[in-house]
Amino acid sequence: MQTNLSEHAKTLARADEAESILRSCVHCGFCNATCPTYQILGNELDGPRGRIYLIKQLLEGEPVTGKTQLHLDRCLSCRNCETTCPSGVSYHALLDIGRAELEHRVERPTSQRLLREVLRQVVPRPAVFNALLKAGRTFRPLLPDAMKRKVPARVVAPKPRPAPRHARRVLMLEGCVQPSLSPNTNAAAARVLDRLGISVTAAPSAGCCGATDYHLNAQEAGLARARRNIDAWWPAVEAGAEAIVQTASGCGAFVKEYGHLLRDDPAYADKARRISERARDLVEVIAGEPLGVLRTTAGKKLAFHCPCTLQHAQKLGGTVESVLQRLGFALTAVPDAHVCCGSAGTYSITQPVLAEKLRDNKLDALESSRPEVIATANIGCQTHLESAGRTAVRHWIELVEEALT
């Protein structure tokens, strides 16, 4: 694709990266075949190829409007198109660049600005989120249906975590909303890792990975959170922690990008690269261990929902399924397993109509072989799918921990 960036666009920090990505696109359209929003809406501008053209026009100085913003906002950032693309177009990076620039060019309606600011002030702050969630549970019967569905009716209490006792040590990103929405997930992970001879050590000053801010176009705020996490983890990394484990694949995908996003920061570039190199989704750690140590009873019949951030961003599709089968679980077939469930971080709140359509389609596929339970690897997907009130949805590591003998 030929490009002619405007003089203004050439001054952007990531101008060269944007131009390189644009030129790598051959506009073949294969991406539209697997794009969830294009499948639902059938609009070229709601598929990756159309959005790439919109970003190209933006960076070439052509007029942009709220309609441009609408089409870019509708993108889930699921990165399914990147898995499909024969040319290796780094679409998600171009989308981040385009959205950030568009935010300066088109003013959002007040209601949208307020919603996004509320999300940025609540989601990344565990104490604030937990307080609001507790209030929501207290008054759940009185809430409107749309809000009621966002407050989980079923929460598994956390089991005790084993004290660190092994020579092998890892850090664990606790997450923002997961400790409130699914408090047993990280506890279960710590208990399984302990059985494998790996201890989880605390890094209490680490916080939100930064993805919420970054993907709501407050990119500098997101990178500031990344730097704070690097500072929090660095002493343990230097002391020999072999990995930084994420149980939420959405967080893991973003932490693995720290090295790229901070590559031009002289104070953090090297540290960010080393942190990203040590970032591991939980399944990456467990899959490489002798699973015979994990003596388990026969597992439940389950359907596994592989989050987009696991299969398309981290390229770990099939890994959890393999571990579960090795441990004795019976997995059902899931049609169209590559398609997004509609959670996509805060997307289920900012784009509720599309998100619920995708959720219901995904549940139809997951339930098609009548599983006893649905397992997943990301708290956003778990909560979003659970909000339909259909088959129970759990993090896969909880099911593994429950099956231990």
So, in the stretch 23-45, of the ones that are closer than 23 Å to Val339 by Cβ and among the hydroxyl-bearing types (Ser, Thr, Tyr), which residue ends up least open to solvent (accessible area, probe 1.4 Å)? Thr37
Kindly indicate whether any position in the stretch 160-170 is touching a helix residue (DSSP H, G or I) at 6+ places or on another chain (Cβ under 6 Å), farther than 20 Å from Val255 by Cβ and outside any helix (DSSP H, G or I). yes
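To keep it simple, each residue is scored yes or no on (1) loosely packed, with under 11 Cβ neighbours inside 10 Å; (2) in contact with a Phe, Trp or Tyr (Cβ under 8 Å, 6 or more places away or on another chain); (3) more than 26 Å from Trp396 (Cα to Cα).
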| residue | (1), (2), (3) |
| --- | --- |
| Glu107 | no, no, yes |
| Arg113 | no, no, yes |
| Val118 | no, no, yes |
| Lys150 | no, no, no |
| Ala157 | yes, no, no |
| Pro162 | no, no, no |
Go through (1) within 25 Å of Ser249 (Cα to Cα); (2) open to solvent by 50 Å² or more (accessible area, probe 1.4 Å); (3) not aromatic (Phe, Trp, Tyr) for Leu76 and report which single condition fails. (2)
Any hit, the stretch 237-247, residues being open to solvent by less than 10 Å² (accessible area, probe 1.4 Å) and among the small types (Gly, Ala, Ser): yes
Of (1) without any contact (Cβ under 8 Å) to a residue 60 or more places away in the chain; (2) surrounded by fewer than 23 Cβ atoms within 10 Å (Cβ to Cβ), Val285 fails just (1)
So if I check each of Ser368, Ser322, which one is assigned to a loop (DSSP other than H, G, I, E, B) and farther than 26 Å from His71 by Cα? Ser368
For the stretch 343-361, what are the residues that are of a type in the set (Gly, Ala, Ser), within 13 Å of the chain's Cα centre (by Cα) and part of a helix (DSSP H, G or I)? Ser348
Which condition breaks for Ala303 when tested against (1) aliphatic (A, V, I, L, M); (2) under 20 Å from Glu398 (Cβ atoms); (3) surrounded by fewer than 22 Cβ atoms within 10 Å (Cβ to Cβ)? (3)
So, in the stretch 132-148, of the ones that are open to solvent by less than 60 Å² (accessible area, probe 1.4 Å) and modelled with pLDDT of 80 or more, which residue ends up farthest from the chain's Cα centre (by Cα)? Ala135
Please determine, by comparing only the residues of the stretch 178-211 that are assigned to a helix (DSSP H, G or I) and open to solvent by 30 Å² or more (accessible area, probe 1.4 Å), which one is nearest to Glu257 (Cα to Cα). Pro179
So which residues in the stretch 295-309 are at pLDDT 90 or above and in contact with a helix residue (DSSP H, G or I) (Cβ under 9 Å, 6 or more places away or on another chain)? Leu302, Ala303, Phe304, His305, Cys306, Pro307, Cys308, Thr309
Residues of the stretch 371-390 being more than 15 Å from the chain's Cα centre (by Cα) and outside any helix (DSSP H, G or I), in sequence order, are Pro371, Glu372, Val373, Ile374, Ala375, Ser387, Ala388, Gly389, Arg390
Of all residues in the stretch 20-39, which are within 17 Å of Ile97 (Cβ to Cβ) and free of Cβ contacts under 8 Å to residues at least 24 places away in the same chain? Ser20, Arg23
Which condition breaks for Ser20 when tested against (1) among the polar types (S, T, N, Q); (2) outside any loop (DSSP other than H, G, I, E, B); (3) open to solvent by less than 40 Å² (accessible area, probe 1.4 Å)? (3)
Qualifying position, being more than 25 Å from Val245 (Cα to Cα) and open to solvent by less than 40 Å² (accessible area, probe 1.4 Å), among Leu354, Leu310: Leu354
Any idea which of (1) open to solvent by less than 40 Å² (accessible area, probe 1.4 Å); (2) within 22 Å of Asn32 (Cα to Cα); (3) in a helix (DSSP H, G or I); (4) not hydroxyl-bearing (Ser, Thr, Tyr) is the one Cys340 doesn't satisfy? (3)
For a quick check of your reading of the model, give me the residue pairs whose first member lies in the stretch 114-127 and is within 18 Å of Leu181 (Cβ to Cβ), whose second is of a type in the set (Ser, Thr, Tyr) and part of a helix (DSSP H, G or I), with beta-carbon atoms closer than 6 Å and at least 6 apart or on different chains. Val123/Thr212; Pro124/Thr212
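The values are calculated or read from the model by the stated rules, or taken from the named source; none is laboratory data. In this text, all values refer to a predicted model and were calculated from it rather than measured experimentally. Don't worry about glycine lacking a Cβ; one is built from the backbone with ideal geometry, like all the others, and counts go over all protein chains shown. Side chains are part of the model used for accessible areas, which takes the heavy atoms of the whole protein and leaves out ligands, DNA and RNA. Shrake-Rupley method; radii C 1.70, N 1.55, O 1.52, S 1.80 Å.
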